[in-house]
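Every number in this text was worked out from the coordinates using simple rules, so none of it is lab data. Just so it is clear, the model here is predicted, and its values are computed rather than measured. Cβ placement follows ideal geometry from the backbone for every residue including glycine, while neighbour counts extend to all protein chains displayed.
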Amino acid sequence: MRLGSIPLLVVCAMSVFAESKREPDEAKIRQRLATYTEARNHGDAHAEALCYTEDGDFRSFGPPSRGRAEIEKALAVSVSGYAFSLTIESLRFLDSKVAIADAHVIAGPPEHKIDMLGSYVMVMQGGTWLIGAARIARTQGP
């Protein structure tokens, strides 16, 4: 083995180690978004809002909402048969306390489901992963 290969091996080993250290955080982020989805499907806007940071924000089709109280109002749903699904398509860590989860979101009553894209900025606060910001938009047609 040439000495020039050693730094490359060190970098590769560090990358694998960093990824394995993130696995528990990735699982916690996925669990937070699953908790959010469950609350949404039960029509529990208060529980949904608790998935956000105190100063978190939510932007979708209506006016932007900032803070848990506004988010709770924005996420209140009273439509019969409303269902929500969130499938994480990618999860990228920006640093040890911030990650972006891009998701495929489907929401609405059975007769009017909307296919959307969701981006969730996840923030580690007090040892807990919370949503710092959510951006939801309709997918573009062909």
key: Of the chymotrypsin sites (Phe, Trp or Tyr not before Pro) in region 34-68, those whose Cβ has at most 15 other Cβ within 10 Å and which sit in DSSP loop   = Phe61
ask   = Whole-Hz Karplus ³J(HN,Hα) for region 116-125, in order, using 6.51 cos²θ - 1.76 cosθ + 1.60 and θ = phi - 60°, x for Gly and Pro?
value = 9, 10, x, 10, 10, 8, 9, 10, 7, 9
task = Please list, or write none, the lysines whose alpha carbon is within less than 24 Å of the alpha carbon of Lys97, excluding same-chain residues fewer than 8 places away.
result = Lys21, Lys28
query = Counting Lys and Arg as +1 and Asp and Glu as -1, what is the net charge of the other residues whose Cβ lies under 10 Å from the Cβ of Ser60?
reply = +3
remark   = Relative contact order of region 42-142 (C-alpha contacts under 8 Å, at least 6 apart) in percent is 25
